[in-house]
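Here's the structure, in structure tokens; my notes come after.
Values quoted throughout were computed directly from the atomic coordinates according to the rules given, and no laboratory measurement underlies them. Predicted model only: the values in this text are computed from it and were never measured. Note that we place each Cβ from the backbone using ideal geometry, even for glycine, and neighbour counts take in every protein chain shown.
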Amino acid sequence: MRSAIKRLSNLLSLLLVSPIAVPVLLSARWDSGDKVFQFGSHVMSIFPGIPGEYLRRAFYWVTLGGEWPGPTVLFGTIFAQRDTHIGREVYIGAFCNIGSCTIENDVLIGSNVIIASPKMHLFDRLDVPIRHQGGEIVDISIGQGAWLGNGCVVLNNVGDGAVVAAGAVIVNDCESNGIYGGNPARLIRMRGAKT
């Protein structure tokens, strides 16, 4: 009975998000700045509770692809680029800001996490305002089974099974199964190692 209710809820969610999700999907060819996608992401972020989780799951499954069912994405979380790829059984907490990235299977992302390209804004020239200097969007990879703690900032790749402590700032690649903390984050120890 419970699985039938979940299936029905997922189907209903697909129907409810289709007026926003389908235009967002169809706009992919000409929406080079991802403005239409961002609009859809912002709209989807405001629905609270379990109904919101179902709506976001359906929206991101339609617009980003991946396997059904889509990820669990909590209230207030927004995605900045449509080239994000999300694996199976991914949990993303509330109020996250997710840039261009690949999130592998079984990843846990706490609340208030930021995943952003490290060179999003260039700032070396003094004769040109920073907002006019351009930037580079780099795809960040979050490895399978990784866990990103609340409030961390991820500016580089996180290996499979790595743990990033709450509030850490990742500026260099994280090894698989490493535990990282601090600002800038450093390797504290390896998972499974005796302390």
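Structural remarks
- Percent of Cα-Cα distances greater than 32 Å, calculated over the chain: 20
- About the centre of its Cα atoms, segment 1-66 shows a dipole size close to 260 debye [charges on the beta carbon of Lys, Arg (+1) and Asp, Glu (-1) only; nearest 20 debye].
- Coordinate range of the alpha-carbon atoms in segment 83-195 per principal axis, descending: 53, 30, 21 Å.
- One equal scatterer on each Cα of segment 9-101, no solvent, Debye formula: the resulting log10 I(q)/I(0) at q = 0.13, 0.19, 0.22 Å⁻¹ is -0.35, -0.79, -1.10.
- Residue-count net charge about Val17 - beta-carbon cut-off 11 Å; Lys, Arg +1, Asp, Glu -1: +2
- Dipole-positive endmost among Ile50, Gly40, Val73 within segment 33-106 (Cβ charges, Cα centre): Gly40
- Rg/Rh ratio calculated on Cα atoms of segment 1-49 (Kirkwood radius): 1.11
- Kirkwood radius and radius of gyration were both taken over the C-alpha atoms of segment 150-195, and their ratio Rg/Rh is 0.94.
- Amide H contacts under 5 Å for Ile140, placed H, 5+ residues apart: Cys101, Thr102
- Of the DSSP H helices in the chain, those with a Cα length along their own long axis of 24 Å or more and a mean Kyte-Doolittle hydropathy reaching -1.0 comprise 2-26.
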